[in-house]
Amino acid sequence: MHIPDGFLNTETIIITNAISFGFLIYAVKKVNRNLHPARIPLMGVTAAFIFTSQLLSFPLIGGTSFHLLGGVLISVLLGPFSGLIIMSTSLILQAILLQHGGILTLGANILNMGIGGCLLGYLIYKLFKSTLFGAAIAAWITIVLAAGLCAVELGISGRVPLKTALFSMSGAHILAGIAESLITFAVLSAISKIRPDLLALEKT
Amino acid sequence: MKHFYLDKYSYLDSPVHRIRPVIKIVASFAFLIYVIISPEKWWNYSIGFLGLLFLIFISKIPFSFVVKRTMVILPFLILVIIFIPFFNENGIKIAGLTFIKSFLSIITLILLTSTTKFSELLRALSSLGVPRIIILILSFMYRYFFVLVDELEKMLRAVKLRSFKNNRFKTFSILANIVGVLFIRSYERSERVYNAMSMRGFDGEIKKL
């Protein structure tokens, strides 16, 4: 779902970058406010953790597999704004070193996976009174939303027909969303069994 | 353990490698914008393509590596091509243009990151005003990614040794547990890293001599 450069038109690039970098600057300010120095290595290593666990492919029905996105997972663990920064840096690293996703399309990718995945995901998680069940619901919604947003951005740019792409992309990700929500739920419950204190870290 | 390198050709030496990273970043960024907004004419793209080809040639990056890396745009291209039948006769033109723009952009990025060491890239980004916390997280990611991949591989090997064949559900839950344990180990590692760093005077700012 990492949109490469060249797949979006100028207007979409400007709008998505304005939204995403606006939120990202706000998140940086918010996290920088009374930042404990220990938080920096924590966020750095956690970003490496998310990047590593995205390499792991989970078997799905048939021969298909799925890899974790982790937006909800990370914001449940460290908080939505830290989550947004971590997801964005992960996307930046993937864009500059592995060319997964473009540079000018970073705004769109951060919007789909960072803002949708972390900020909105965390909001949904809070709506369900911060339960693991809520995290699972949030994970499902964020995956389907990310696919939908991706289709909308490609559609507005005139690369694919908007309606058809929207339905087929989000339809195809309903199953992936279930996988994400199962994984998020299982990972969080594994952590709460071994080190329950890690679910109560400071959340910014 | 054997790892793939993230920026394996950045340690070569060539005229392109020696250009100052800040200049390379700004030039690449300008070219990416140019590719998106420039007139959609064949001669325009050909000149850009030939220029990039020349730079790759003098920077000694193997062409096979560049070609392999450009393959990541294929899934998206296929997505666009699938929808062509629903489009009017413009579809093929749109797919072609998308492919060319995407192809030129991706080669530019490959050229940038294969001719610049990651640490220099970060220093340049920092001097261009990227927030400190993002630079620090990027450098931590680059440093600890391989360490965590090692830990992940160890755990996967342990699972393989202990379980001959599991059903799908079992595999799924074991993998999820592995991710959970990987987070706990990352957390504990970050504590150790912080202790080591604060002993050396880290207070949110990396001190350089």
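In this structure, is A:A47 facing another protein chain (nearest Cβ under 9 Å), small (G, A, S) and within 16 Å of the chain's Cα centre (by Cα)?
yes
Among A:A135, A:A139, A:A179, A:A172, which is more than 21 Å from A:I19 (Cα to Cα) and either among the basic types (K, R) or in contact with a strand residue (DSSP E or B) (Cβ under 7 Å, 6 or more places away or on another chain) (or both)?
A:A179
One line per residue, one yes/no per condition, for (1) at negative phi; (2) buried (at least 19 other Cβ atoms within 10 Å of the Cβ); (3) assigned by TED's automatic domain parsing to the domain that holds B:F65:
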{"site": "B:L121", "(1), (2), (3)": "yes, yes, yes"}
{"site": "B:L148", "(1), (2), (3)": "yes, yes, no"}
{"site": "B:E153", "(1), (2), (3)": "yes, no, no"}
{"site": "B:S163", "(1), (2), (3)": "yes, no, no"}
{"site": "B:F169", "(1), (2), (3)": "yes, no, no"}
{"site": "B:Y187", "(1), (2), (3)": "yes, yes, no"}
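Only one residue in B:V67, B:V72 is within 20 Å of B:K8 (Cβ to Cβ), modelled with pLDDT under 85 and not hydroxyl-bearing (S, T, Y). Which one?
Residue meeting the stated conditions: B:V72.
Tell me whether region A:19-27 contains one or more residues that are among the aliphatic types (A, V, I, L, M), within 7 Å of chain B (Cβ to nearest Cβ) and farther than 22 Å from A:L154 by Cβ.
The answer is no; no qualifying residue exists.
Go through (1) assigned to a loop (DSSP other than H, G, I, E, B); (2) in contact with an Asp or Glu (Cβ under 8 Å, 6 or more places away or on another chain); (3) within 28 Å of B:S10 (Cα to Cα); (4) not acidic (D, E) and name the single condition A:F7 misses.
Status for A:F7: all satisfied but (2).
So which residues in region B:43-68 are among the small types (G, A, S) and closer than 20 Å to B:L97 by Cβ, if there are any at all?
B:S46, B:G48, B:G51
Take the residues of region A:29-44 that are surrounded by 20 or more Cβ atoms within 10 Å (Cβ to Cβ) and facing another protein chain (nearest Cβ under 7 Å): which is farthest from A:P80 (Cα to Cα)?
Going through the qualifying residues, I end up with A:P41.
Taking the stated definitions as given, is B:L32 in the same structural domain as B:K117 (by TED's automatic domain parsing), surrounded by 13 or more Cβ atoms within 10 Å (Cβ to Cβ), hydrophobic (A, V, I, L, M, F, W, C) and without any contact (Cβ under 8 Å) to a residue 60 or more places away in the chain?
No, not satisfied.
So, in region A:190-204, of the ones that are surrounded by 15 or more Cβ atoms within 10 Å (Cβ to Cβ) and at pLDDT 90 or above, which residue ends up nearest to the other protein chains (Cβ to nearest Cβ)?
My answer is A:A190.
Among the candidates A:L73, A:L97, single out the residue that is buried (at least 23 other Cβ atoms within 10 Å of the Cβ) and within 12 Å of chain B (Cβ to nearest Cβ).
A:L73
May I ask you to list the residues in region B:40-75 that are closer than 14 Å to B:L12 by Cβ and of a type in the set (K, R)?
B:K60
Go through (1) within 30 Å of A:L84 (Cβ to Cβ); (2) surrounded by 11 or more Cβ atoms within 10 Å (Cβ to Cβ) and name the single condition B:G129 misses.
(2)
Within region B:188-209, which residues are more than 7 Å from every other protein chain (Cβ to nearest Cβ) and under 18 Å from A:F49 (Cβ atoms)?
Listed by number, the residues that qualify are B:E188, B:E191, B:R192.
The values are calculated or read from the model by the stated rules, or taken from the named source; none is laboratory data. Note that the structure is predicted; figures quoted are calculated from it, not measured. Positions of Cβ are generated from backbone atoms using ideal geometry, with glycine treated the same way; all protein chains shown enter the neighbour counts.
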